[in-house]
Amino acid sequence: MKKVLVLSREHIIPLLHFRRAVRVLGIKDVKFHYCFFFDPIECRTIINNYDLVISVHYPHILSADLVDNIRCINIHPGYNPHNKGWFPHIFSMANKDKIGVTIHEMSAQPDAGPIICREEVKAACNDTSNEVYNRILNKEFEMMHKWLKRIIDWEYELQEPTAGNYNSKSDFDDLCKLDLNHVGSFADHLDILKALSHDGMKNAYIEKDGEKYYLELKFL
């Protein structure tokens, strides 16, 4: 029986979708173990005891020792190679890049491994980050259902990614701080506000007289 280690976070929708896909597909010949954090010193134990590692929105970068010695798959809420790294759909909305989901083999560089499959997700004119992210989660479930058994059985072809860009946590922090003196079109500013408006999250803000004032866009 194959053993698959699933790395994720507790009580998040992507993990619930993954578990649901496993149930719907009726996978019987695989033992799934779920882990929400492991110490890097445990890498050798994982390599020796599992056939496959799948990351489902796992928030930590896996070590080169792990990804170089066992097949590791990432379910990524972005359309690689556009805006890899932190909150890909937010940067794609702000930058007018492609939005979507990518399932790829992992390499030592974050979100840079060869692509198994990817699909676009469209954003409507009145969509904020929240609506787009929910659409991404639904697309992830569709792709898990379609590809999970084939991934476990290693029945897929790889596509080498083209050059793209990577956004860090500091890049996201910079995006959130709105410059009142920035000159640009209203459409550009609107796209940034839509991208940063997510169900009450304190993302976009301006500073005035040493105080922060948070902004959230809502369509009526």
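Here is a yes/no grid of residues against (1) at pLDDT 95 or above; (2) outside any loop (DSSP other than H, G, I, E, B):
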| position | (1), (2) |
| --- | --- |
| ASP173 | yes, yes |
| VAL183 | no, no |
| ALA187 | no, yes |
| ILE206 | yes, yes |
| LYS218 | no, no |
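From the list PHE18, PHE36, which residue is surrounded by 16 or more Cβ atoms within 10 Å (Cβ to Cβ) and of a type in the set (Phe, Trp, Tyr)? Even if it seems obvious, please write down each step before you answer.
Values: PHE36 fails: surrounded by 16 or more Cβ atoms within 10 Å (Cβ to Cβ).
Answer to the check: PHE18.
Within segment 154-189, can you find the residues that are basic (Lys, Arg) and either in contact (Cβ under 8 Å) with a residue 40 or more places away in the chain or exposed (fewer than 11 other Cβ atoms within 10 Å of the Cβ) (or both)?
First, pick out the residues of segment 154-189 that are basic (Lys, Arg): 169, 177.
Within segment 154-189, just LYS169 meets the criteria.
Give segment 111-131 a look and list any residue that's acidic (Asp, Glu) and either in contact with a strand residue (DSSP E or B) (Cβ under 7 Å, 6 or more places away or on another chain) or not in a loop (DSSP other than H, G, I, E, B) (or both), or say none.
So in segment 111-131, the residues acidic (Asp, Glu) come out as 111, 119-120, 127, 131.
Selection gives ASP111, GLU119, GLU120, GLU131.
Restricting the search to segment 96-111, which residues are surrounded by fewer than 20 Cβ atoms within 10 Å (Cβ to Cβ) and more than 20 Å from ARG135 (Cβ to Cβ)?
Our first condition is that a residue be surrounded by fewer than 20 Cβ atoms within 10 Å (Cβ to Cβ); within segment 96-111, this holds for 96-98, 105, 107-110.
Those that are surrounded by fewer than 20 Cβ atoms within 10 Å (Cβ to Cβ) and more than 20 Å from ARG135 (Cβ to Cβ): GLU105, SER107, ALA108, GLN109, PRO110.
The values are calculated or read from the model by the stated rules, or taken from the named source; none is laboratory data. This is a predicted model, so every value here is computed, not measured. Cβ sites come from the backbone with ideal geometry, for glycine too, and all protein chains shown count toward neighbours.
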